[in-house]
Amino acid sequence: MFYQLRCFFRRCLFIFMVMLPGIVWANCDINSLIPGSMANVQITHQVQSHSAEQTLISHFGDKQLNLDLGFEGCVDCLMAGGSYIDIRKNRRQLKILTLLDPNMGDIGLAQVEDTYHFTSRVGGSWVRVWQWGKQKGRMKGSFKLVENTLYTGFAPSSVENLNAQLTFLSIESQLPPEQTPNFTQATHQYITSTSFSVDLGDPNFSPVGLYEYAKTSNNQGLDSGFNETFQAPYAIEYTFTSPRAGTFKEVFAGGLFVWTGEFRLSH
């Protein structure tokens, strides 16, 4: 019995040692031109066009990316961001499918499909097919890839000269209902790097004040300041789900009012 078990284990060991190189080779394909991960990869696209040359950049995080869409005539919509999946066809072809917010009204999310044909580890040819609402488009050209470029997320490093349109979805108040503000929207206008005004929809009344903004993480930013009109401090925490939109929480006057809702940035 002992002899039979010993033979069995020897056979198993022999089979494992024969198969091991194939297993390692399958999981560590050193012949592939495609990066093992797209995180912290930046791709520069050179669009093939009969008109002026156009360069578009995509910067990848971990299943999240920022990219230039190449739409003409819209400053705010050129840079968009969303979540992506990569579909690896073989050692030389990679397809990236992205659902993103193009920051162009209320039509909804756009779908962008990029197909990369690698001729080397750092470049090749590229085709993009996109659909947004009833609009469709296609572009092609070449690309260059750079690895180990730190992905910085959706949150901007500064909000100067930007407008944050706030839509209030809930409010917590320490005052009675009759003394609680009931507005549903406001636009926080960051006039300079330190001063702001608030558009509440009344042309005769626009609160003003001073603020400091800090990017606290890849997708979060904090605006903390003092509303000089109401003589009260405030803090707005922005959580970005795209480079121009997301959710927010505002704490006003030390918690006298706490609003939560959605926001969209524009110039």
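Key figures
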{"read-out": "Distance between modelled label sites at residue 147 and residue 62, nm, 7 Å Cα→Cβ extension", "value": "1.8"}
{"read-out": "Whole-angstrom gap from region 187-218 to region 248-267, using each part's C-alpha centre", "value": "11"}
{"read-out": "Residue-span extension gain [residue 235 to residue 175] - 0.36 nm each, minus C-alpha spacing", "value": "19.7 nm"}
{"read-out": "Length gained when the stretch residue 46-residue 165 is fully extended (0.36 nm per residue, less Cα-Cα span)", "value": "39.4 nm"}
{"read-out": "Dipole of region 111-186 [Lys/Arg +1, Asp/Glu -1 at C-beta], most positive-end residue of 157, 141, 167", "value": "141"}
{"read-out": "Region 127-267 shape via C-alpha gyration tensor axes, a/c threshold 1.5", "value": "prolate"}
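Taken together, the values in this text are just the output of simple stated rules run on the coordinates, not laboratory data. What you see is a predicted model; the values in this text were computed from it and never measured. No Cβ is skipped: glycine too gets one built from the backbone with ideal geometry, and neighbour counts run over all protein chains shown.
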